[in-house]
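For reference, the structure is listed below as structure tokens.
The values are calculated or read from the model by the stated rules, or taken from the named source; none is laboratory data. None of the values given here were measured: they were computed from a predicted structure. Cβ coordinates were reconstructed from backbone atoms using ideal geometry, including for glycine residues, and neighbour counts include every protein chain displayed.
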Amino acid sequence: MEVKDITHMYPKFVDMAKYHGATLQDAEDSVQDLFIKLLAIQSREGNINRLEYKGSVNMVYIFNALRGIVYNKHRSNKRTADREIWVGELVDHQQTMHITEVQERLKTMDGFSRKLYTAYMEDSISLRELSRRTNISVMTLYYGVRQIREQLKDIFYECT
């Protein structure tokens, strides 16, 4: 069995993704991601026969794979939205909070915190990606970001 043999099931896969709570656009993206994964399997193994069950595609495998893809997309979108809300709060209150105070506070922080702030908040690099690039654990980076947020919240509340 090859991926081209199951492409006709695209609408059914989109419905499965929507069942897991995805919007139509996210469902279509998730199904495309699924096909990319299946093509990677086919490329490695020469076919996707391991997805075959009693002569047809194993729909339980597809259902679970789509659930994972939709969940990961949702979690990624939530993380991005949380970051945008946090940055949005800072931007919304620019009248009362002086950017120079934030920059001054960053200057008093250690080099790790300054670089972490720049990479995570300004360059929007995820903690996992930073961890992969720097070989620093995700939890260490997480606690660093949390400490920076706490220090910047102090500035925010002093200005309001």
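Looking at segment 1-22, which of its residues are of a type in the set (Ser, Thr, Tyr) and under 16 Å from ARG67 (Cα atoms)?
Listed by number, the residues that qualify are TYR10, TYR19.
Run LYS18 past the list (1) of a type in the set (Lys, Arg); (2) within 25 Å of SER124 (Cα to Cα); (3) surrounded by 14 or more Cβ atoms within 10 Å (Cβ to Cβ) and report the number of the one that doesn't hold. So the condition that LYS18 fails would be (2). Checking each residue in segment 60-110 for being exposed (fewer than 12 other Cβ atoms within 10 Å of the Cβ), more than 30 Å from GLN25 (Cα to Cα) and modelled with pLDDT of 60 or more picks out ILE99, THR100, GLN103, GLU104, LYS107, THR108, ASP110. Quick check on segment 1-29: of everything there that is among the hydroxyl-bearing types (Ser, Thr, Tyr) and under 18 Å from ASN58 (Cβ atoms), which residue is nearest to the chain's Cα centre (by Cα)? So the residue we want is TYR19. Residue count for segment 111-122, restricted to those that are at pLDDT below 80 and either touching a strand residue (DSSP E or B) at 6+ places or on another chain (Cβ under 9 Å) or closer than 30 Å to GLY21 by Cα (or both): 1. Whenever a residue of segment 132-160 is assigned by TED's automatic domain parsing to the domain that holds THR100, its partners that are of a type in the set (Lys, Arg) and modelled with pLDDT of 75 or more, lying with C-beta atoms within less than 7 angstrom and at least six residues away or across chains, give the pairs VAL138/ARG128; GLN151/ARG105; LEU152/ARG105; ILE155/ARG105. Annotation: of all residues in segment 113-142 being surrounded by 15 or more Cβ atoms within 10 Å (Cβ to Cβ) and among the aromatic types (Phe, Trp, Tyr), the one that is nearest to LYS153 (Cα to Cα) is TYR117.
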